[in-house]
1. Please determine, by comparing only the residues of the stretch 249-261 that are touching a strand residue (DSSP E or B) at 6+ places or on another chain (Cβ under 6 Å) and closer than 18 Å to residue 205 by Cα, which one is farthest from the ligand (Cβ to nearest atom).
2. When you check residue 295 against the structure, is it within 15 Å of residue 158 (Cβ to Cβ) and not assigned by TED's automatic domain parsing to the domain that holds residue 120, yes or no?
3. Take the residues in the stretch 207-221 that are within 20 Å of residue 243 (Cα to Cα) and more than 15 Å from the ligand (Cβ to nearest atom); name whichever of them is surrounded by the fewest Cβ atoms within 10 Å (Cβ to Cβ).
4. Free of Cβ contacts under 8 Å to residues at least 12 places away in the same chain and surrounded by 14 or more Cβ atoms within 10 Å (Cβ to Cβ): does that describe residue 102?
5. Kindly list, by first and then second residue, each pair from a residue in the stretch 217-235 that is assigned to a strand (DSSP E or B) to a residue that is exposed (fewer than 14 other Cβ atoms within 10 Å of the Cβ), limited to pairs with Cβ atoms under 7 Å and residues at least 6 apart or on different chains.
6. Collect the residues in the stretch 61-71 that are surrounded by fewer than 20 Cβ atoms within 10 Å (Cβ to Cβ) and in contact with a strand residue (DSSP E or B) (Cβ under 7 Å, 6 or more places away or on another chain), keeping them in residue-number order.
7. May I ask you to say which residue of 264, 285, 246 is more than 17 Å from the chain's Cα centre (by Cα), modelled with pLDDT of 95 or more and within 16 Å of the ligand (Cβ to nearest atom)?
8. So, in the stretch 193-216, exactly how many residues are more than 21 Å from residue 290 (Cβ to Cβ), touching a helix residue (DSSP H, G or I) at 6+ places or on another chain (Cβ under 7 Å) and assigned to a strand (DSSP E or B)?
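The values are calculated or read from the model by the stated rules, or taken from the named source; none is laboratory data. Everything numeric here is computed off the predicted structure, so don't read it as measured data. Neighbour counts are summed over all protein chains in view; Cβ atoms, including those assigned to glycine, are modelled from backbone coordinates with ideal geometry.
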Ligand SMILES: Cc1ncc(COP(=O)(O)O)c(C=O)c1O
């Protein structure tokens, strides 16, 4: 059975997506201190606010009810990525990865969640300076954490459409960089899909290959082989994408990373999206063409169940993905 939903968390995530004020008791890391989330405020002259000059991560923490433990998922991998991406924006003297992981763990811990959570670390250009550039600007590191559930119904599968908005090319605004300003590209894609009655977008590269969804990587199954676009097809190099590859390896499912044509998806046996937000979401339809007969295919189902067991700390083979958040 495909089940991975909590009503409370879904309500929280709905509130978050409609701009509700953050709950007063949440704690954030801001300017080197842990403060009330509502007090973590920046000037309207902040460079990152004016020009999108920031890099961020989205991380999930999963609550295991039976164990009474909250697990942070792939914290080190996310902190390694944000540190590399901050360097892309010419931020220097960055804290080591271990220190960044410690700050994320401490931010989560101080919120005393007893349910799933979402964590948002960000390095941003904090200088109060008009003038678009990357050099000679100060930066800061922030982390906030909120209760969070699934924003896509993973039980049902998603219907997607090919976006008319292409993914920003690597030589224009690298998707690999998880750069805040770049997410306007993703916003065009997501909004176009939703306003047209779909759940998500299939986004193509400038040369017409399948890249990813608006904010998730993609896999298709053809003849028992799991295919995913390569890192040079303008994707974000997803942490979940790698995790799925590891899971597939465990089950002996062959994985190939190569460019995928749009029409290959029309004739594919199965498709799913993966990412911190969507987790692992089966795709049942692209451009009104059913995939896997409009149902959830066997390989997708197998990976889906294995993924949720792993992230919640219910599979001893994948405990290395998880960091236990201290309770006190
Ligand atoms: C554009 C984009 N692609 C893919 C992903 C998936 O990456 P990850 O698995 O690291 O969350 C994300 C973030 O969730 C994203 O924003």
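1. First pass over the stretch 249-261, keeping only residues touching a strand residue (DSSP E or B) at 6+ places or on another chain (Cβ under 6 Å): 253-257, 259-260.
Next cut, closer than 18 Å to residue 205 by Cα only: 257, 259-260.
Details: 257: 14, 259: 17, 260: 15 Å.
Out of the qualifying residues, it is 259.
2. Numbers: within 15 Å of residue 158 (Cβ to Cβ): yes; not assigned by TED's automatic domain parsing to the domain that holds residue 120: yes.
Judged against the criteria, residue 295 is a match.
3. In this case the residue turns out to be 221.
4. Numbers: free of Cβ contacts under 8 Å to residues at least 12 places away in the same chain: yes; surrounded by 14 or more Cβ atoms within 10 Å (Cβ to Cβ): yes.
So residue 102 fits the description; yes.
5. 225/254; 225/256; 226/254; 227/256; 227/258
6. Of all residues in the stretch 61-71, those surrounded by fewer than 20 Cβ atoms within 10 Å (Cβ to Cβ) come to 64-69.
Of everything in the stretch 61-71, those that are surrounded by fewer than 20 Cβ atoms within 10 Å (Cβ to Cβ) and in contact with a strand residue (DSSP E or B) (Cβ under 7 Å, 6 or more places away or on another chain) turn out to be 64, 69.
7. None of the other options fit; the residue is 246.
8. Result for the stretch 193-216: 0.
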